[in-house]
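Structure first, then comments.
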Amino acid sequence: MTENTIIWIINWFNEHTPNLEVDLMNHLEESYFELGLIDSFGIIEFITAIEVDFSIQLTPSHFQDRRFATIKGLADIIDSLVSK
């Protein structure tokens, strides 16, 4: 399932990041904040899309998890919530 989740996240960034010139499959373990893919305003839209599309509820503890800031880590978090 993680591969499908990773693809969903990458597609979201591709749709919401103008002029994206980075192959995100090569940056799965880098911070998407540091890559400049999202800002503090965009994160709200991103979280909402995740919660709606995956039918999950992210909590403050998820946002504090170091994995939250990377595509691979976030996919792991999402998959753990979907499987519950």
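Counting only protein chain heavy atoms and rolling a 1.4 Å probe, the accessible areas of VAL22, VAL52 rank, largest first, as VAL52, VAL22.
The stretch between THR2 and ILE47 holds 14.5 nm of extra length on full extension. This uses 0.36 nm per residue minus the Cα-Cα distance. Computed about its Cα centre, the charge dipole of the chain is approximately 300 debye, with only Lys, Arg, Asp and Glu carrying charge at their Cβ.
In the chain, the longest principal axis of the Cα atoms and the axis of helix 42-54 are about 50 degrees apart.
The values are calculated or read from the model by the stated rules, or taken from the named source; none is laboratory data. Just so we're clear, the structure is a prediction, and the values are computed from it rather than from any experiment. We place every Cβ from the backbone using ideal geometry, glycine too, and count neighbours over all the protein chains shown. These area figures cover heavy atoms from the full protein model, side chains too; ligands, DNA and RNA do not enter into them. Shrake-Rupley method; radii C 1.70, N 1.55, O 1.52, S 1.80 Å.
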